[in-house]
Amino acid sequence: MANIISDETIEYVGILAKLELSDDEKEKAKSDMGRMLDYIDMLNQLDTSSVEPMSHIFPVNNVFREDVVVNGDDRENILANAPEEKDGTFVVPKTVD
Amino acid sequence: MKDYEVVIGLEVHVELATKTKIFCSCSTEFGGAPNTHTCPVCTGMPGSLPVLNKQVVEYATAVGLATNCTITQNCKFDRKNYFYPDNPQNYQISQLYLPICRDGYVEIETEEGTKKVRIHEIHMEEDAGKLVHDDWTDCSLVDFNRSGVPLIEIVSEPDMRSADEVIAYLEKLRLIIQYLGASDCKLNEGSMRADVNLSVREKGSSEFGTRTETKNLNSFKAIARAIENETNSQIDLLESGEEVVQETRRWDDTKEYSYAMRSKEDAQDYRYFPDPDLVPINISDEWLEKIRSAQPEFRDEKRARYVEEYKIPQYDADIITLYKPLADLFEDAVKEGSSPKEASNWLMGETMRIVKDKNIEPDQVKLEGSAFSAFLKLIQDGVINKTVAKEVFEAIFDGGVDPVAYVEEHGLKMDNDTDGLKKIIEEIIEKNPKAVADYQAGNKKAAGAIVGQTMKATQGKANPQMINQIISELLD
């Protein structure tokens, strides 16, 4: 494995993903991520100078909707997914910027 | 103290006036009960797929063309990743790499003349939900009705040098966007929001100082106050040998004070990448041309045309075109055959007076063009006189009232019964020998007393021209 993921990096990625990893899990994730970067290195060896950059694998563009209201009030179903609800809202831990 | 200069750039978010959200067919209507305008897409349910609203692309392109931007004919959406409870997907769909519009400008009027404010880019994105903090329990409540409402973010270059320039720039954007019908641009209702990036530097320096970003500015007054406040506090820091910290601040307009929200030191790492759920957008030359040819007449052209074509004073044209609803009323009335000056007078006079009394903005006027035209016709045809007209105007002002029916119902038609009126005037003349003597001695103004009493006797419904005519017949 050519790419070595540092402890700081895995710590940082954990924070970004809001995941708390045990020491064992961190080691496993470091090795997985190292291998992923190795694979990217391999792709980077290919000569892509004559290939247009693309953001999508399908040769499709302009998939649009017309601006017409179709959806009605589906609050009951939507709120069925809430861990907790109150007065028609999702209840979450207090979050103030 | 050294001579300082303030450098300001703005990020302006504008909610587009589409009927549905940017990626789903939920209504964008404001004020529904919490979560009644939601679906799996705008609440970020796993497996749901966004589909782009075509109208969003058209509005964004139209705004870009009107602000002299280059349109990115091949553009796409990216994901901006961050966790916050008002953002159900844990990413916001936005545009980083290929924003729909780039490199534009608008011209503003300043004391030193016309100035260009450059626009760095305009991109399309989705709005977040609304968080309400429950004071009684340790929780926040989320309403996703606003989640997925289409926004454009207009990012200027740091070209502004005073609060006045900032306000002139915002007014210019507001007028352009309102004339396009792309948004109602109401700062107080949040359909237009401005974040101010501000730094100070010594006058003449070509380097920028460290900037702060101030959010939560929901009126022109708040913007002006926040700019003054932030400028002074940055100058104070520099004068006392300290450094400005790059951070985001939140303005509290009631306390006239801003406080730090988050420091850019722990700047978020958004890990943007192309959104794989959305296919690229290709705006063909033909489509672009169609949008271009549908551009309306903007304020500057309208203002010039009103003076040229309708011969109303420049001052009137300035005011009427400052608010699209007023310009629409004016044009509807003129189209229906009203005299332009008469229409303009009612918009400049009574309309502004009522707007002030009601403490609303002129662009909140709900009077319909058809009602305004019919109202002016009542005056022109001599059905109502000026005194009664003010009452009728007030009655129709809030919309939904037909002036013709209103006049009929309330018996406000001008009294055109010549014989009846003649009798009344004869009685009044008999009782006012002094006014008659003065009048006949050549003081024509003395007739005013007789006219006044006649109006009083007829409860304001008499035709003033007819009164003058009868007086003249009886006394001259």
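All of the numbers you see were taken from the coordinates with simple rules; none came from a lab. Please read these numbers as outputs of a predicted model, since none were measured by experiment. Cβ placement follows ideal geometry from the backbone for every residue including glycine, while neighbour counts extend to all protein chains displayed.
Summary of values
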quantity	calculated
Where labels lie 7 Å past Cα in the beta-carbon direction, separation of B:Glu5 and B:Ala395 in nm	6.0 nm
Spherically averaged projected area in nm², based on the convex hull that wraps the Cα atoms of the range B:4-287	16.6 nm²
Highest to lowest packing among B:65-71, B:142-148, B:353-359, scored as the average C-beta count within 10 Å	B:142-148, B:65-71, B:353-359
Within 10 Å of each Cβ in B:272-282, the average number of Cβ atoms from other chains	4
Qualifying lysines (Cα of each under 30 Å from Cα of A:Lys94; at least 8 residues distant if same chain)	A:Lys18, A:Lys26, A:Lys86, B:Lys21, B:Lys80, B:Lys130, B:Lys186, B:Lys215, B:Lys255, B:Lys264
Global geometry of chain A, whether rounded, prolate or oblate, following the gyration tensor of its Cα atoms and the 1.5 cut on a/c	oblate
The protein assembly as shown: equivalent-ellipsoid semi-axes (sqrt of 5 x gyration tensor eigenvalues, Cα, Å)	61, 28, 24
Nearby lysines by direct alpha-carbon distance to B:Lys422 (threshold 22 angstrom, same-chain neighbours under 8 apart not counted)	B:Lys386, B:Lys413, B:Lys431, B:Lys434, B:Lys444, B:Lys445, B:Lys456, B:Lys461
Highest-MSF residue in chain A out of A:Leu19, A:Leu43, A:Leu79 [GNM, Cα springs under 10 Å]	A:Leu79
Most to least packed among B:463-475, B:166-178 [average Cβ atoms within 10 Å]	B:166-178, B:463-475
Restricting the range B:310-344 to trypsin sites (Lys or Arg not before Pro) in coil, as DSSP defines it, with at most 13 other Cβ within 10 Å	B:Lys311
Unpartnered cysteines - no second Cys beta carbon under 4.7 Å - across the protein assembly as shown	B:Cys24, B:Cys26, B:Cys39, B:Cys42, B:Cys75, B:Cys139, B:Cys185
Nearby lysines by direct alpha-carbon distance to B:Lys311 (threshold 17 angstrom, same-chain neighbours under 8 apart not counted)	B:Lys302, B:Lys335, B:Lys341
Highest-fluctuation residue, A:Asp32, A:Asp87, A:Asp23 considered, GNM on chain A with Cα pairs under 10 Å	A:Asp87
Cα centroid of the range B:1-70 to Cα centroid of the range B:213-228, whole Å	21 Å
Cut-off under 5 Å, modelled amide H: who pairs with B:Thr72 long-range	B:Cys101, B:Arg102
Fraction of beta bridges assigned by DSSP in the protein assembly as shown that are antiparallel (%, nearest 5)	90 percent
Degrees separating the helix A:23-44 axis from the principal Cα axis of chain A, which is the longest one	70 degrees
FRET efficiency, B:Asp277 to B:Lys335 (Cβ-Cβ, R0 60 Å, nearest 0.05)	0.80
Cα pair count fraction exceeding 13 Å, expressed as % - the range B:278-322	63 percent
Amide H within-cut-off set for B:Phe273, under 5 Å, with H built and near neighbours excluded	B:Arg79
Other-chain or far-sequence residues with amide H under 5 Å of B:Arg146's (modelled H)	B:Lys130
Relative contact order computed over the range B:130-219 (Cα-Cα under 8 Å; 6+ residues apart), in percent	16 percent
Among beta bridges that DSSP assigns inside the range B:4-287, antiparallel share in %, nearest 5	95 percent
Potential extension, B:Tyr257-B:Glu297 segment - 0.36 nm per residue separation minus Cα distance	10.3 nm
The range B:159-201 versus the range B:278-303: alpha-carbon centroid distance in Å	21 Å
Percentage relative contact order, chain B, counting C-alpha pairs under 8 Å, at least six apart	13 percent
The range B:15-89: radius of gyration and largest Cα-Cα distance (Dmax), Å	14.4, 40
